[in-house]
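One structure is given here, and the rest of the page talks about it.
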Amino acid sequence: MLLQIILLRRLIGFISDGDILRFLAAEHPLYVNPSSLMTMDFDEKLQELMHCKVRDVARKSVITVNLSDDLGTVCHVLSDHHIKKAPILDDGDMVGVINASNITKYAFRRLEGIR
């Protein structure tokens, strides 16, 4: 699940599934222990989420990569910031999103082609 917020082709915010889980979790916002979701009133917290404005949940400081970045750079960005996905920008405009699954699939396809 992913929601990017774009205003006149410029990325101004970003919501990922991790952001939603952090909102729902009762623990530290940078780490979500799945058991914390079981110890809370999930329905109540979910209702609270459903009435939130996008601006209240979206990340305003978005980690991005550039269309011209090589995969090594992208992997470092994802790893260094402990994120699974990042918007791709081309001259400031958002042109896509890359995630760890995209990179893994690409690596396996390349590996299969080598064999």
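The values are calculated or read from the model by the stated rules, or taken from the named source; none is laboratory data. This is a predicted model, so every value here is computed, not measured. Cβ coordinates were reconstructed from backbone atoms using ideal geometry, including for glycine residues, and neighbour counts include every protein chain displayed. Surface accessibility is based on the protein's heavy atoms, side chains included, excluding ligands, DNA and RNA. Shrake-Rupley method; radii C 1.70, N 1.55, O 1.52, S 1.80 Å.
Details
- Amide proton proximity set for Met94, modelled H, under 5 Å, gap of 5+: Leu11
- Kirkwood hydrodynamic radius of the stretch 41-115, from the reciprocal of the average inverse Cα-Cα distance over all distinct pairs: 14.8 Å.
- Linear extension gain, Ser79 paired with Leu46, 0.36 nm per residue minus alpha-carbon span: 8.9 nm
- On the basis of the beta-carbon distance and an R0 of 30 Å, Leu67 and Leu24 show a calculated FRET efficiency of 0.35.
- Carbon + sulfur, % of accessible area of the stretch 61-106 - ligands and nucleic acids excluded, 1.4 Å: 50 percent
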